[in-house]
Amino acid sequence: MSHGLHLNGVDFSYDASRILAGIDLSVPAGQFVTLLGASGSGKSTLLRLVAGLQFPQQGKLVWDGKPITGPGLERGVVFQDYALFPWLSVVDNIAIAIGKARPATRKAERRAESKDYLRKVGLEAAIGKYPFELSGGMRQRAAIARALALGSPLLLMDEPFGALDPVNRARLQDLLLEIWEAATPKKTIVFVTHDVDEALYLGDRVVILGSTPGRVIADLPVEFPRHRDRRALFDSDAFHHLRESIAETLAADTLRQLIAA
Amino acid sequence: MSETLALDHPEAQVAPARSGHTGATWSARLGNLFEASLIWLVLLGGWFLAAEFTPLGDNPLVPSPQLTLRSLWESLPELWVGTLSSFSILLPGFALASVLGIVSGLGIGTSPRLQRVFFPFARVAAPVPPTVYIPYAIAILPTFKLSAIFVVFIGAFWPIFQNAAAGAHALEQRYRDNASILGLTGFEYHWRVVFPAALPHIFSGMAVGLGFSFILLTVAELFGANAGLGRFVQYYADFADYPKMVAGILYTGLVTFLAMTGLEALKRRALFWQR
């Protein structure tokens with residue numbers, strides 16, 4: 001019970017409006033969880049609470065047996081966009097993370113290591129460049145490289161591919177899975193998205209948040225075997241059934257909201 | 001800031017329409033050059049005609065362009081000494097104002113508590129015209145030079161401080177989040193995140209501060225300097241040597257323009273990462 005991420009009765013309000021209500025969620029170490037929900041379901045807020053960027057009015061958040069009281073290097077974050085400092089070169093953006101994670105390393109080592117991470121995400125071409133010289137997809141690759149460089153066992157990803165075109169989005173999904181599957185021990189990943197296909201392709205488990213206030217309305221295992229083949233998976237009946245039932249859950253929540261409003 | 005940019009690069013607004021064909025580049029450039037120098041040519045022509053062909057030319061207050069140019073040429077050694085003297089006041093004052101203004105602005109701009117302490121004071125102290133300090137500074141400080149440096153410092157400090165504080169205060173949430181995630185705090189946070197993010201603001205403040213520095217410098221020199229740009233103009237006005245006086249005005253304008261251009265070039269270099 002102590003390993004992994006545990007949320008207990010988490011309530012969060014902002015300006016008198018309730019964003020999250022009584023969130024209970026346990027993520028065992030090494031699991032890839034996707035958080036799915038309409039906009040306004042508080043899924044990004046939930047991620048910010050786990051990151052320690054904001055604090056709940058009620059409830060407990062625990063990572064690896066320790067309560068979350070602020071940001072920590074054991075919890076890496078990849079935001080949707082602007083994850084990099086534009087005034088630092090791509091290499092230095094990653095080197096600064098390495099410097100914080102492993103202060104004993106020397107400057108030259110950090111830069112060498114950050115180039116290794118860039119190669120790992122297929123960004124040899126970005127060595128020596130600045131963020132403004134990169135496309136959106138390349139910037140997100142660099143952001144992933146930085147999160148990996150931190151060496152955090154827990155990776156929080158807030159719609160990291162949300163602003164990308166479909167081709168780049170698919171490529172980065174594959175890259176993320178490849179990296180995650182290759183590592184031992186596996187990182188725990190909480191991945192926020194509003195794209196059902198993305199949630200199912202990536203996750204071991206899909207947690208669906210309902211809107212206003214955000215709360216868990218469904219928690220489904222995704223039991224497709226790993227080393228998933230995108231095309232075969234998207235064509236399978238099992239995938240379609242799961243996809244349909246999730247779409248129905250989301251539609252029902254939207255309808256409930258409309259009736260309430 | 002956008003207004004200054006538009007003033008600096010009026011051609012930027014018409015460039016897309018003209019830069020399409022390489023064949024048109026030369027004539028487009030000539031056209032731009034003509035447009036940029038039009039007001040100068042009109043003023044110079046008007047001045048020449050007025051001095052040569054109207055009764056104004058008989059007035060010693062209106063020296064002809066040729067006479068002024070000759071005075072400028074003859075005064076160059078003296079103006080050069082004056083420039084060095086002026087810059088030995090301007091540079092220390094402006095540099096000190098920049099360093100202290102940026103450091104305190106960034107520190108205070110990121111701390112709500114320090115803002116509560118300093119802003120009520122700054123709101124009253126900043127708008128005081130720095131020229132009113134000149135007689136007192138001269139009385140209190142041991143040398144004229146020190147008092148002039150002090151006055152230049154005061155004049156340049158407030159706009160730099162205010163802009164640095166505003167830039168730090170306006171730091172975007174995404175940069176703050178990123179800094180928190182990476183565990184950047186204290187000096188490291190200010191040096192690697194707040195300072196670069198606030199640079200556009202800081203440069204605006206420095207441009208205003210540099211303008212004030214020149215105003216205060218030349219005003220201070222009227223009080224007690226024995227050399228300098230403002231002193232040169234005042235000195236020859238006292239002797240009714242108007243060709244030299246006008247030459248001094250033109251020269252001071254050129255020096256100010258060059259200093260502003262230098263700062264602008266520095267800004268473009270430092271902010272290369274902005275799209």
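Nothing in this text is a laboratory measurement; each read-out follows from the coordinates by a stated rule. Note that the structure is predicted; figures quoted are calculated from it, not measured. All Cβ positions, even for glycine, are placed from backbone atoms using ideal geometry, and neighbour counts span all protein chains on display.
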In degrees, nearest 10, range 0 to 90: what is the angle between the Cα axis of helix A:107-120 and the longest Cα principal axis of chain A?
50 degrees
Give or take rounding to whole Å, what are the principal axis extents of the alpha carbon atoms in region B:119-205, in descending order?
53, 22, 21
With the convex hull built on the alpha-carbon atoms of chain A, volume per residue in Å³ sits at 136 Å³
Cα-centred dipole magnitude for region A:84-151, charges only on beta-carbon of K, R (+1) and D, E (-1), debye, nearest 20:
140 debye
Of all the C-alpha pairs in region A:120-171, what % are more than 14 Å from each other?
55 percent
Quotient of C-alpha Rg and 2.2 N^0.38 Å, computed over the protein assembly as shown:
1.33
Is the shape of region A:22-81 best called rounded, prolate or oblate, per the rule: a/c under 1.5 gives rounded, else a/b larger than b/c gives prolate, else oblate, with a ≥ b ≥ c the square roots of the Cα gyration tensor eigenvalues?
rounded
At q = 0.07, 0.10 Å⁻¹, base-10 log of I(q)/I(0) for region B:63-270 (Debye sum, equal scatterers on each alpha carbon):
-0.27, -0.52
Estimated dipole of chain A in Debye, rounded to 20 [Cβ of Lys and Arg +1, of Asp and Glu -1, Cα centre]
1060 debye
Relative contact order computed over chain B (Cα-Cα under 8 Å; 6+ residues apart), in percent:
22 percent
How large is the charge dipole for the protein assembly as shown, taken about the Cα centre, if only the Cβ atoms of Lys, Arg (+1) and Asp, Glu (-1) carry charge, to the nearest 20 debye?
1220 debye
Alpha-carbon centroids, region B:109-146 and region B:25-84: separation in whole Å:
39 Å
In degrees from 0 to 90, rounded to the nearest 10, what is the angle of the helix B:112-125 Cα long axis to the longest principal axis of chain B?
20 degrees
Return the Rg/Rh value of region A:84-151, two decimal places, where both radii are evaluated on C-alpha atoms and Rh is the Kirkwood radius.
0.93
What does the charge add up to near A:Glu109, with Lys and Arg as +1, Asp and Glu as -1, over the other residues with Cβ less than 15 Å from its Cβ?
+4
Reported to two decimal places, what Rg/Rh ratio describes region A:136-261 when computed on Cα atoms with Rh from the Kirkwood expression?
0.98
Scan around A:Gln58 for amide H atoms under 5 Å from its own, H built in the peptide plane at 1.01 Å from N, and keep only partners 5 or more places away or cross-chain.
A:Asp11
Cleavage-rule hits, GluC sites (Glu not before Pro), region B:129-227, DSSP coil, Cβ neighbours within 10 Å at most 15
B:Glu172
Could you check the simple spin-label distance between B:Val128 and A:Asp116, using points 7 Å along Cα→Cβ, in nm with one decimal?
5.9 nm
